[in-house]
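These notes concern the structure reproduced below.
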Amino acid sequence: MKAFLPFCGALVLALSSVAVANNDDGLSEQIRQLKNEALDLNRDLTLLERELIYASPQTNIFVSVDVGTPIRLVDINLTIDGDHVGYHFYTDQEFESLTKGGIQRLYTGNLASGRHVLEATITGYDPLGKDYQKTTTYTFTKGAGRKMVEMQVVDDLNKQQHKFEFREWNQQ
């Protein structure tokens, strides 16, 4: 591709010099159109080259907890596309940090562009002290740039349980 870019530049210069040397309006217009098409092609190739060189397959998965939540998070198991990619057991200090607005990175890895399924199994204690285990599934699409997904454990006061909310960020 790199050898093609100087060729496009040389083509543009050659077409420019021919256009100056030739006074025929019809031929000059055709040359001007070819020159513009060559410039457009050069721009498209440069953008494609930049995307191929600087594309990032990196994906980050984060977890956060609703501030002041009455639940107690014990651990999280994380899978992406059926492959186990992470596990974390929370100490009292780590969980306290999460309940004060902290965010933890659970996973950093490279994923191909396309559709992916994240599955998280969370074990903990509900506000009444009972053990619980919940699994949530979330589907996201990864583009050429970096992808960040936050899984937030949020209180559902109506059901006296928690639920999961997801947010995504794409970085180009």
Next on the checklist: Show me the ranking of peptides 135-141, 115-121 by mean Cβ neighbours inside 10 Å, starting with the highest.
Outcome noted: 115-121, 135-141
Checklist outcome for this item: One quarter of the C-alpha convex hull surface, i.e. the mean projected area of the stretch 64-150 in nm², amounts to 5.8 nm²
Item to check | Long-range HN-HN contacts of GLY145 with modeled amide H, under 5 Å | outcome: SER56
Next on the checklist: Just the number please: accessible area per residue for the stretch 38-135, 1.4 Å probe, all protein chains included, in Å².
Outcome noted: 58 Å²
Next on the checklist: Restricting to lysines 8 or more places apart or on different chains, can you count the pairs in the stretch 59-171 with Cα atoms under 27 Å from each other?
Outcome noted: 13
Checklist outcome for this item: Net charge (Lys, Arg +1; Asp, Glu -1) of residues whose beta-carbon lies under 12 Å from that of GLU119, GLU119 excluded, is -1
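The values are calculated or read from the model by the stated rules, or taken from the named source; none is laboratory data. Keep in mind that what you see is a predicted model, and the values were worked out from it rather than measured. Cβ sites come from the backbone with ideal geometry, for glycine too, and all protein chains shown count toward neighbours. Side chains included, ligands, DNA and RNA excluded: accessible areas come from the protein's heavy atoms. Shrake-Rupley method; radii C 1.70, N 1.55, O 1.52, S 1.80 Å.
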